[in-house]
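The structure under discussion appears below in the form of structure tokens.
Just so you know, all these numbers are worked out from the coordinates, no wet-lab data involved. Everything quoted here is computed from the prediction, not taken from an experiment. Note that each Cβ is placed from the backbone with ideal geometry, even for glycine, and that neighbours are counted across all protein chains shown.
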Amino acid sequence: MLEGIRVIDLGAFITAPLAGMMLADLGADVIKIEPPEGDAFRRGHGGSYSATFVAYNRNKRSLVLDLNDAKARATFAALVARADVLIDNFRPSALKKLGLDSDALRAANPRLVHCSITGFGTTGPYRDRPAFDAVGQALSGIASLFVDPAAPHCFGPTIADNVTGMYACTGILGALVERNRTGCGRRIEVNMLEASMAFVPDAFTNLTRSGIEDNRFSRVSRSQSFAFRCGDGRLIALQLSTREKFWLELLGALGAEDLATDARFAAHQRRVDNFHALEEALAPHFAARPRAEWMARLAATDVPFAPINTLADALADPQVEALGTKVVLRHPREGEIVTIACPILADGARPRARMSAPPTLGEHSEEVLAELARDQAGDQSGGGALGKVST
């Protein structure tokens with residue numbers, strides 16, 4: 001889909017690398033610019049090819065440039081002058097200090113789409129603060145939907161980081177479509193605080209329209225979402241939503257039809273209001289039989305349910321296997337790498353026919369610089385204004 005689009009990924013950690021990887025999954029040529037020590041995520045568990053780095057950097061080429069060096073900055077500027085997209089996740093002042101601010105880069109390349117990802121935006125009292133996932137979750141209010149105030153702990157996957165990268169990718173794609181009409185690029189700004197808040201719009205609408213301040217049980221009670229331990233200790237989840245048929249079919253599968261006449265559960269809103277009592281009423285039924293039996297019974301109904309898989313269980317799930325979600329890549333030096341396929345299909349196929357393993361540090365430096373030198377030679381022979389490449 002994005003064949004012919006050149007992306008310069010100047011990011012580190014998660015937000016910008018994820019946006020770059022999403023564009024790479026759609027076929028863009030993504031060049032990851034790294035300092036001599038590499039992306040900080042490379043160094044998990046020793047070495048320079050950690051699992052966290054691998055997770056966010058497939059289908060890219062790695063070029064090492066020390067942007068504190070004037071010659072390297074000239075090389076970077078020459079690359080950006082020929083690129084379609086630049087992504088960074090620095091604090092607002094960082095690129096400007098290097099003489100690489102967005103205005104200067106876009107002056108050299110008016111078609112450039114420059115996506116700048118920050119923690120809190122470019123204005124306001126927090127603009128220069130550092131931000132990571134836990135900070136974004138906390139400030140945006142997301143953490144209040146998970147954390148038990150009586151026993152507070154941060155837990156779970158990176159949410160603020162990931163959704164910020166996804167919104168950044170969306171903004172970039174919109175700017176590329178617009179550029180087809182106008183011929184001009186854009187400066188796209190996405191910050192973790194707003195992206196995180198935008199990710200839970202229903203919670204804010206409940207507050208501002210209905211005066212309801214959601215907590216960690218609000219959504220699950222409204223959606224009638226449950227998790228139970230079965231007789232063999234394994235876990236199962238189900239979501240009844242608002243449809244009465246799901247409730248009645250569940251009672252039939254459990255042999256618990258008497259709960260249908262319980263005044264506390266006689267209507268959907270009553271079940272929402274008495275959510276914890278309903279959990280307590282249903283739990284003994286699931287505890288009486290092994291999960292496989294409950295899954296067989298529920299599969300014979302239309303009740304939405306699933307086993308609560310471990311990550312290993314999910315990779316081995318027959319539906320995941322049927323979809324081809326688990327992809328094995330092989331790097332010539334780092335060996336076998338398991339990755340999760342791009343979840344987008346176009347006409348029944350993944351948008352990128354061939355996937356490549358995440359690069360080792362500087363793996364493609366010579367290749368990318370040679371391409372740039374050839375391009376610059378063409379510029380000079382054609383009277384172009386750009387100078388020779390500095391490595």
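Odds and ends about this structure:
- Rounded to the nearest 0.05, the FRET efficiency derived from the C-beta distance between D347 and E3 at R0 = 22 Å is 0.90.
- Structural descriptor for the chain: relative contact order 18 percent, calculated from alpha carbon pairs under 8 angstrom and at least 6 residues apart.
- Put in line by how crowded their Cβ is, counting other Cβ atoms within 10 Å and starting with the fewest, V272, V135 read V272, V135.
- Linear extension gain, L235 paired with E279, 0.36 nm per residue minus alpha-carbon span: 14.4 nm
- Summing Lys and Arg as +1 and Asp and Glu as -1 over all other residues whose Cβ lies under 14 Å from the Cβ of L298 gives a net charge of +2.
- Under 16 Å from the L311 label point (7 Å along Cα→beta-carbon), backbone N, the stretch 142-164: 155-159, 162
- Packing-based ranking, highest mean first, of 147-155, 354-362, 215-223 given that Cβ atoms within 10 Å are counted: 354-362, 215-223, 147-155
- Residue of A346, A373, A77 that the Gaussian network model of the chain assigns the largest fluctuation, springs spanning Cα pairs under 10 Å: A346
- DSSP finds beta bridges in the chain, and of those with both partners inside it, around 40 percent are antiparallel.
- Gaussian network model of the chain, springs between alpha carbon atoms under 10 Å - residue of Y49, Y167, Y126 with greatest fluctuation: Y126
- Cα convex hull, the chain: 188 Å³ per residue, rounded to a whole number.
- Folded to 0 to 90 degrees: helix 365-381 orientation relative to the chain principal axis, Cα: 50
- Karplus-derived 3J(HN,Hα), 6.51/-1.76/1.60, for each residue of the stretch 137-151, Hz, glycine and proline x: 5, 5, 5, 6, x, 4, 4, 5, 8, 10, 7, 7, x, 6, 9
- The C-alpha atoms of the chain define a longest principal axis, and helix 275-287 lies at about 80 degrees to it.
- Pairwise label distance in nanometres, T205 with T123, each label 7 Å out on the Cα-Cβ vector: 2.7
- Partners of K326 within straight-line reach, counting lysines whose Cα lies under 26 Å from its Cα and excluding those fewer than 8 residues away in the same chain: K32, K60.
- In the elastic network of the chain, a GNM with C-alpha springs shorter than 10 Å, the most mobile of E257, E37, E178 is E257.
- When the alpha-carbon atoms of the stretch 224-313 are used, the pair Rg, Dmax equals 12.6, 42 angstrom.
- Per-residue [θ]222 nm for the chain (sum of -39500 (n - 2.57) over DSSP H runs n ≥ 4, rounded to 500): -12000 deg cm²/dmol
- With Cα atoms, 0 to 90° folded angle of helix 160-182 axis to the chain main axis: 50
- For M355, neighbours were defined as the other residues whose beta-carbon sits under 9 Å from its Cβ, and their charges (Lys and Arg +1, Asp and Glu -1) total +3.
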